[in-house]
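Written out below as structure tokens is the structure these notes cover.
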Amino acid sequence: MHASELATEVDLDPRYSGIARLRTETRFYDAVIDEIDGRRIRVGEHWLTDWASCNYLGFDLEPQIIGAVEEQLRRWGTHPSWSRMLGNPALYPQIEERLAALLGAEDALVLPTITQIHLSVIPVLAQQGQILIDARAHKTIWDGCVFARAQGATLSRFRSLDELASLLPGAAAAASKAGGPVLVCMDGVNSMTGNIPDVREYLDLCRAHGAVLYVDDAHGFGVIGGRSADETSPYGTAGNSIIRYCGESYDDVVLVGGFSKAYSSLMAFLAVPAALKNRLKASAAPYLYSGPSPTASLATVLAGFDVNAERGDKLRAELYRMSMRVLNHVRGLGVFTPNTDDTPIIELPIALDRDLVDVSELLWERGLFVTLAPYPGVPRDQVGFRVQVTAANTDAEIDTLNDVISELAGAGVFQEARESSAS
């Protein structure tokens with residue numbers, strides 16, 4: 001079979017056909033962005049407002065952070081090309097120390113991307129044991145679990161807390177018999193719905209059955225954090241992720257997060273005990289063999305810690321305010337969104353008789369750059385698009401977004417609100 005025939009096979013595969021169609025029939029895939037101006041982007045001669053990025057705190061545009069790069073580039077060059085096993089610029093231990101302090105964790109390990117972490121760390125943790133994965137978990141977590149299954153782990157899915165409770169006793173018994181662990185894998189803030197799971201309930205179950213909870217909070221880190229009486233918004237304080245937001249400890253938890261969203265830097269991390277960190281240094285392929293994050297990312301993460309400490313909570317308050325402007329408008333129109341927890345991720349499923357390609361063309365004409373959500377990336381009844389609000393958006397941009405949402409709602413494009421969607 002020739003390469004061109006392989007391409008045709010992929011396009012016809014139902015697992016990819018929805019995405020393949022959007023790639024060929026819409027302007028939202030493989031878009032070449034020629035210029036940015038704040039949250040405005042130019043594609044060719046067409047200017048749009050960017051609602052597709054996940055730079056929640058606006059750190060990608062923050063002058064203090066941008067200004068921190070040049071000094072480190074002159075000191076370290078553009079890229080420290082050793083694998084971390086061989087050598088680490090001093091920036092790495094500085095980041096891990098500050099990160100552990102921010103999270104309130106015993107230790108932290110930094111690697112280039114969350115995808116690399118899932119593919120390399122989940123198999124190391126699972127060994128020949130039992131993996132239970134939330135059916136709503138991100139595709140990259142699933143890929144890591146499948147890789148672990150190929151190396152001898154047993155893999156099962158659960159679709160609710162009750163189903164997890166029914167599966168855990170059998171998984172624990174099987175793991176005990178085989179001498180392996182039980183690993184429960186799930187999202188923190190969900191990348192599609194924006195909702196926040198009650199980690200305390202999952203941890204109660206895991207601890208009762210000797211399981212470890214593995215949580216990917218890519219979209220929560222930097223946005224939600226520990227609750228306090230003087231918090232500036234319901235997102236909590238410090239942006240130190242879902243474990244602190246839920247008032248939990250890191251006992252029996254492996255927290256995975258990334259800097260590529262709120263901190264706008266190419267880097268990811270695990271919050272782990274020191275003993276597990278040392279084990280991963282000897283077994284996780286990205287630490288042993290991969291090229292590291294570029295110097296600019298190391299520099300912007302450190303500068304991001306400073307900005308977060310100085311005014312992160314103020315930025316989160318602004319992020320919450322603008323997110324609520326959109327969510328209140330959507331809910332006031334009677335439009336369904338699965339977001340019930342008021343985070344900046346606002347998914348808008350379209351009516352089942354509407355075509356996403358047609359909707360995308362209207363969004364393009366109105367100057368909105370969004371994340372399209374086709375099947376099978378989402379269930380058929382959730383096909384639509386998603387907007388991500390950031391602290392760098394303006395009220396005028398929110399006004400325009402709300403006007404277009406009103407236009408689409410008036411034309412019957414969206415699904416009507418459901419009883420369970422009330423916040």
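Scanning the stretch 206-218 for residues that are under 11 Å from the mean Cα position of the chain (by Cα) and either in a loop (DSSP other than H, G, I, E, B) or surrounded by fewer than 24 Cβ atoms within 10 Å (Cβ to Cβ) (or both) yields ASP217, ALA218.
For the stretch 406-415, check the following and say yes or no: at least one residue is part of a strand (DSSP E or B) and at pLDDT below 95. Checking the stretch 406-415: not a single residue is part of a strand (DSSP E or B) and at pLDDT below 95. Comparison of GLY377, GLY367 shows that the only residue that is small (Gly, Ala, Ser) and open to solvent by 20 Å² or more (accessible area, probe 1.4 Å) is GLY377.
Out of PHE147, PHE221, one residue alone is among the aromatic types (Phe, Trp, Tyr) and assigned to a loop (DSSP other than H, G, I, E, B). It is PHE221. Candidates are the residues of the stretch 299-344 that are among the β-branched types (Val, Ile, Thr) and closer than 19 Å to SER265 by Cα; the one that is most open to solvent (accessible area, probe 1.4 Å) is THR300. For the stretch 380-390, the tally of residues that are open to solvent by less than 20 Å² (accessible area, probe 1.4 Å), of a type in the set (A, V, I, L, M, F, W, C) and under 17 Å from ARG21 (Cα atoms) stands at 1.
Just one residue in the set THR400, THR300 is among the polar types (S, T, N, Q) and closer than 30 Å to SER81 by Cα; that residue is THR300. Looking at the stretch 154-169, can you tell me whether even one residue there is under 20 Å from the mean Cα position of the chain (by Cα), modelled with pLDDT of 95 or more and assigned to a helix (DSSP H, G or I)? The answer is no, given that none of the residues of the stretch 154-169 is under 20 Å from the mean Cα position of the chain (by Cα), modelled with pLDDT of 95 or more and assigned to a helix (DSSP H, G or I).
When the residues of the stretch 173-189 are filtered to those that are modelled with pLDDT of 95 or more and open to solvent by less than 20 Å² (accessible area, probe 1.4 Å), the one that is farthest from THR115 (Cα to Cα) is VAL182.
Restricting the search to strands (runs of 3 or more DSSP E) fully inside the stretch 335-401 and requiring at least 3 residues that are modelled with pLDDT of 95 or more and not aromatic (Phe, Trp, Tyr) gives 345-349, 384-388. Of all residues in the stretch 194-205, which are assigned to a helix (DSSP H, G or I) and open to solvent by less than 30 Å² (accessible area, probe 1.4 Å)? Within the stretch 194-205, VAL199, TYR202, LEU203 meet the criteria.
Give the residues of the stretch 19-39 that are at pLDDT below 95 and of a type in the set (Asp, Glu), sorted by residue number. Of everything in the stretch 19-39, those that are at pLDDT below 95 and of a type in the set (Asp, Glu) turn out to be GLU25, ASP30. Among the residues making up the stretch 395-423, those that are of a type in the set (S, T, N, Q) and more than 23 Å from the chain's Cα centre (by Cα) are THR400, ASN402, SER406, GLN415, SER420.
Conditions (1) of a type in the set (Lys, Arg); (2) more than 30 Å from GLU397 (Cα to Cα); (3) more than 22 Å from the chain's Cα centre (by Cα), marked per residue:
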| position | (1), (2), (3) |
| --- | --- |
| ARG42 | yes, no, yes |
| CYS54 | no, no, no |
| GLY58 | no, no, no |
| LEU61 | no, no, no |
| TRP76 | no, yes, yes |
| MET85 | no, yes, yes |
| ALA101 | no, yes, no |
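Filter the stretch 31-66 for residues that are of a type in the set (A, V, I, L, M, F, W, C) and assigned to a strand (DSSP E or B); which is nearest to ARG386 (Cα to Cα)? Out of the qualifying residues, it is LEU48.
Of the helices (runs of 4 or more DSSP H) that lie entirely inside the stretch 67-127, those containing 1 or more residues that are open to solvent by 30 Å² or more (accessible area, probe 1.4 Å), modelled with pLDDT of 95 or more and under 21 Å from ASN308 (Cβ atoms) span 69-76, 91-103. The selection criterion, being open to solvent by less than 30 Å² (accessible area, probe 1.4 Å), more than 21 Å from the chain's Cα centre (by Cα) and closer than 30 Å to ARG75 by Cβ, holds for LEU280.
The values are calculated or read from the model by the stated rules, or taken from the named source; none is laboratory data. In this text, all values refer to a predicted model and were calculated from it rather than measured experimentally. Every residue, glycine as well, gets a Cβ built from its backbone with ideal geometry; the counts of neighbours run over all protein chains shown. Surface areas here come from the heavy atoms of the whole protein model, side chains and all, with no ligands, DNA or RNA. Shrake-Rupley method; radii C 1.70, N 1.55, O 1.52, S 1.80 Å.
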